[in-house]
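See structure below.
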Ligand SMILES: [Zn+2]
């Protein structure tokens with residue numbers, strides 16, 4: 001079952017990535033109709049080699065820009081337009097036609113700045129990917145690079161607990177660590193948190209919206225559809241792959257937060273590796289947007305007191321998703337994309353979350369994703385409308401907004417938080433272009449979009465290998 005699910009996911013992703021192109025929302029919807037043929041062909045051609053593709057796609061990037069193809073924009077499909085262009089719930093499956101890739105509808109130029117972010121630095125010049133500037137995508141970065149060595153200095157003077165890394169990010173995989181979960185503050189086994197962690201919204205019936213793992217090929221559908229601010233927990237490897245989408249998110253007034261470079265479990269890593277994962281992602285965001293987030297979310301929610309201390313030393317505060325009475329606020333949307341949960345079961349889970357949320361005295365944060373087309377469709381077509389039409393009604397905000405944190409205080413460059421600002425003097429990201437050890441100086445890579453595959457395989461394999469949440 002696990003292998004089947006992975007194969008389905010790889011097929012989905014390979015098909016999706018085969019259609020990287022430029023078009024807007026309406027063209028995207030029209031494309032869904034004709035995508036059946038092309039995407040099916042792509043999926044069938046990729047399904048047999050999905051696993052090998054996942055293995056070989058880890059080849060370091062080249063400087064080649066992703067090819068851009070304008071897709072057909074005519075036609076309509078009644079099934080696709082029944083719900084504002086979103087497929088019927090039952091049709092949102094791992095085998096659904098793909099191809100609705102979205103790219104930036106507006107081209108922001110250097111010097112522009114988001115109106116929602118007071119005092120925001122101007123956008124830097126358009127990001128140009130150079131493989132010598134970055135570690136290999138979707139792999140834990142090497143720790144002997146000058147950049148990581150520089151970022152390690154941020155830990156000086158901070159008390160980093162001497163906790164050995166976990167063997168894996170499961171309770172069963174490391175019984176000794178699991179037995180120490182409370183002492184370790186290990187969220188994975190028992191949901192242990194720190195007072196500084198953001199896990200809820202303070203106001204009752206308020207949902208702090210977030211989307212993880214992007215920017216993805218479908219992120220823009222959400223940006224177009226909803227006049228709602230959200231928090232995007234972005235993966236560094238995805239940022240340099242789709243920098244323009246990151247710019248779109250930022251310029252539209254959404255919050256950007258760190259979600260590591262390669263999306264591996266942080267508690268399994270050495271201190272240096274954790275610094276590298278956070279540092280490179282922070283650096284990617286700062287390079288593309290000119291701002292540096294002061295919050296992060298650990299992949300799988302896998303955080304303990306050592307990870308917290310390192311992140312806090314790097315000016316990054318943890319945001320996870322809500323657990324209430326042992327009930328985790330995970331929509332399981334990613335399992336729909338992986339073919340292991342039906343869309344109706346996913347919505348049943350979400351309905352349970354909403355029902356559970358009405359019992360709390362405070363608001364909540366839910367785990368959702370924007371990397372897969374299915375998860376974006378579920379959010380736009382079903383989970384967000386369900387919350388908005390719920391009785392009692394929920395108020396939807398970004399996580400910073402629900403916390404009453406001004407958008408300016410979500411970034412180092414604009415914060416008025418003196419504690420954060422004071423620490424910034426030695427945490428400004430490096431602009432060095434030195435090639436990190438282990439990074440490729442040359443490459444024969446295909447399009448950058450192929451890098452989505454190993455990242456997702458890692459995410460899904462890790463999640464399927466345990467009973468964990470993402
Ligand atoms: Zn994630």
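Only the coordinates and a few stated rules stand behind these numbers; no lab work does. This is a predicted model, so every value here is computed, not measured. So basically every Cβ, Gly included, is an ideal-geometry build from the backbone, and we count neighbours across all protein chains shown.
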> Going by how many other beta carbons lie within 10 Å of each one, how would you line up 204, 118, 397, fewest first?
Replying inline: 118, 204, 397
> Classify the stretch 83-223: rounded, prolate or oblate, from the alpha-carbon gyration tensor (a ≥ b ≥ c, eigenvalue square roots; a/c under 1.5 rounded; otherwise prolate if a/b is larger than b/c)?
Replying inline: oblate
>> Semi-axes of the equivalent ellipsoid for the stretch 322-391, please: Cα gyration tensor eigenvalues, times 5, square-rooted, ordered largest first, whole Å.
In response: 20, 13, 10
> Beyond 17 Å, what share of the Cα-Cα pairs of the stretch 218-354 remains, rounded to the nearest whole percent?
Replying inline: 64
> When the C-alpha atoms of the stretch 142-426 are aligned to their principal axes, what extent does each axis show, in angstrom, from largest down?
Replying inline: 50, 44, 35
> For the stretch 135-208, what D do you get in µm² per second when you plug the Kirkwood radius from alpha-carbon pairs into Stokes-Einstein at 20 °C and 1.002 mPa s?
Replying inline: 136
> For the stretch 113-166, what is the largest minus smallest coordinate of the Cα atoms on each principal axis, given in angstrom and ordered from greatest to least?
Replying inline: 44, 30, 22
>> From Cα pairs below 8 angstrom and at least 6 apart in sequence, can you work out the relative contact order of the stretch 142-426, rounded to a whole percent?
In response: 27
>> Below 8 Å between Cα atoms, with a sequence gap of 6+, how large is the relative contact order for the stretch 170-319 in percent?
In response: 24
>> To make sure I understand, if each residue's beta carbon is the centre and we count other beta carbons within 10 Å, what order do 310, 163 fall in, fewest to most?
In response: 163, 310
>> Quick check on the exposure proxy: order 189, 239, 171 from fewest to most C-beta atoms within 10 angstrom.
In response: 171, 189, 239
> From the square roots a ≥ b ≥ c of the eigenvalues of the alpha-carbon gyration tensor of the stretch 367-426, which class results: rounded (a/c under 1.5), prolate (a/b over b/c), or oblate?
Replying inline: oblate
